[in-house]
Structure formats: C-alpha cells, structure tokens
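Working notes, structure below.
The values are calculated or read from the model by the stated rules, or taken from the named source; none is laboratory data. As the structure is a prediction and not an experimental result, all values here were calculated from the model. Note: ideal-geometry Cβ built from the backbone for every residue, glycine included; neighbour counts use all protein chains shown. Accessible surface areas use protein heavy atoms only, side chains included; no ligands, DNA or RNA. Shrake-Rupley method; radii C 1.70, N 1.55, O 1.52, S 1.80 Å.
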Amino acid sequence: MSEKARFAKTVLFVPPGVDPEEVTDEMVLPGSNIVVGPYAGHSQIKEVEFVKSSSRAKDCPKDNRPEFAILGRSNVGKSSLINALVRKKEVALTSKKPGKTQLINHFLVNKSWYIVDLPGYGFLEEVGLILRLTATVLLSFLWLFARAPDSAKTDWSSFTKGYFLNRETLVAVLLLIDASVPPQRIDLDCANWLGRNNIPMTFVFTKCDKMKASKGKRPDENIKDFQELIRENYRQHPPWIMTSSVTGLGRDELLLHMSQLRNYWDQ
Ligand SMILES: Nc1nc2c(ncn2[C@@H]2O[C@H](COP(=O)(O)OP(=O)(O)OP(=O)(O)O)[C@@H](O)[C@H]2O)c(=O)[nH]1
Ligand SMILES: [Mg+2]
C-alpha cells in the first residue's frame, strides 16, 4: 500500500466504492475528513414530518426506512442542528418536552428516511429523576462494570440496548460534540461505547462559529485534541465534520455525507 493510501485509510473516511489509492484533495469535503464517493446523491431536504415518539425500540416505526440518530450532551445543539439541516424553526420543537415515556422521536424526511431526535445526555430531570437516553448508556457502564442497581439494568436492556444494538435500520449515529469546549469525558465514553459495539458513527462538531477564544482553545484545537484521544481506539478514523447552526457551516456537506451513507445502506 502506498503512503498516500495508508494516510487516506487512517485519517480520512473513505466511503464504499472509493479506492484509497485514488483519493484526491478535491474529494474531501471542506472542514471534515470525509471523502465523497459514488453513492453521494440527492441530499437536500424538501419535506419533514414528525411521525412519532417512542419509548422502546420495538415501538419505533417498522417501515424499514433508513435512519440517522442524533445524539449528544444536553445543550450541544441537537435541536439547532436538526432545524439547520431542515431549514425550519419548528421541526425539532416537538421533542423539546418529551414526556417520561417519549424518548425516541422520529421525523420522516422527503417521505423516504428518518432523522431521530434523542434527548440530551449529561443531566437528570428534577424530581422523579428520569434518566434520559444516554445517561442510561452511562449508567449501563456502571451496571456492567460496577454493578449498579436493578433499575439501571432494566433501563439498559429495554432502552439503550433495544435501540442502538437492535435497530436494524440505523444507518449511523451522528454524535454531536461541542467544539467550543475541550474534550469531555462523557463524550469520549459515549464514542468509545458506540465504537466497541460497532455502531457506525459520525462526529459532528457543533458551535464551530465560536472562534473568538476569550479563554481556552479555539474549536479547531479542541477538535484536534478530541481526535487524538479517540484515535487509539479505532483502526480507521470515524468520519467527522465541523458545523455551525448559526452560520450554516458544514450543512450541505453533512447532508451530502448522509446521502452517501444512506444510498449505500439502501442499495
Ligand atoms: N454559537 C452557536 N450556538 C449554538 C449552535 N448550536 C446551538 N447553539 C446554542 O446552544 C444552545 C443549545 O442548543 P439546542 O439546539 O437547544 O441544544 P440541544 O442539544 O437540543 O439541547 P437539549 O434538547 O437540552 O438536549 C442554544 O442556546 C443554541 O442557540 C451553534 O452552532 N453556534
Ligand atoms: Mg434539544
């Protein structure tokens, strides 16, 4: 294998249908490590329709359409990203106040594929303390490795395991990472968990417009730090892309990337 192909294979995301030896700079989407291949196609969103909220994987739509799950810490910008992709203000609002059993929200795009809005991880709701989706993932670590209580076990099996591990139509998880702050343990844990379970993911770095580093590092530096922490766990680096819901940075590129993943999955 040539040096170039080795570089392409370890640093870039080379999609199906592309020979790493043939990758050129023009094939890499700006602000990302994503190579565009022959499966990329129509990517713009014309129509979005809220379909349903589900609390368990088995309650999710069963029509076999491909889907992307949006996952990330609370406040990372999940709803803003969905609204930016869709170019509508109100679409993701439906998921703003999920009831305690309404955790997985399906939006049907162009009558052909789904965007799935999941609640943010990293916080507990007030009284009654319902652990929302990925808090459950994290509790499940405790359960697996440190014997958390039975309730965690129940949540784990019925929810996290049920959705991420058994959802056959899941094309990829878009794991949102706030690029305006240094790498967070909770995000790294989540990425590593997905990686260990072979669940395809794309890192979507949000808030990349926050370039004025009054204190701390710039987004590109935080992104580099995050990649380095992730690198050792993967033979091939997962796709990543810089976005901003404020400036629209990365929007069209992310949609194009999603189209190639979807079309390959769908063939
Ligand atoms: N500067 C900047 N701010 C952003 C961006 N995306 C989101 N925000 C802000 O970050 C805050 C949280 O955004 P949301 O989209 O509500 O975050 P969320 O991940 O859906 O949060 P939860 O639903 O609570 O899990 C809001 O104040 C947004 O205006 C971005 O790209 N740039
Ligand atoms: Mg939200």
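If the limit is 31 Å between Cα atoms, which of LYS9/LYS217; LYS58/LYS207; LYS9/LYS52; LYS111/LYS224; LYS9/LYS78; LYS52/LYS217 go over it? Beyond 31 Å between Cα atoms: LYS58/LYS207; LYS9/LYS52; LYS111/LYS224; LYS52/LYS217. Note on ASP266 and ARG87: with the Förster distance fixed at 25 Å, the Cβ-Cβ geometry gives a FRET efficiency of about 0.60. Modelled spin-label separation between ARG231 and THR10, with each label point placed 7 Å from Cα along the Cα-to-Cβ direction: 0.8 nm. Applying 1/(1 + (r/R0)^6) with r as the Cβ-Cβ distance of GLU168 and LYS52 and R0 = 22 angstrom yields a FRET efficiency of 0.75. Across all Cα atoms of the stretch 1-70, the radius of gyration (one decimal) and Dmax (whole number) stand at 17.5, 49 Å. Label reach from GLN44 (point 7 Å along Cα→C-beta): in the stretch 226-267, amide nitrogens under 15 Å belong to 251-253, 255-256.
For PHE7, the accessible area of its heavy atoms, probed at 1.4 Å with every protein chain present, is near 120 square angstrom. Sorting ARG185, ARG251, ARG218, ARG73 by accessible area puts them as ARG185, ARG218, ARG73, ARG251; the probe is 1.4 Å, largest comes first, and only protein heavy atoms count.
Using a cutoff of 8 angstrom between alpha carbon atoms and counting only pairs six or more residues apart, the relative contact order for the stretch 169-267 works out to 32 percent. Computed with a 1.4 Å probe on the full set of protein chains, the accessible area for ASP25 sits at about 130 Å².
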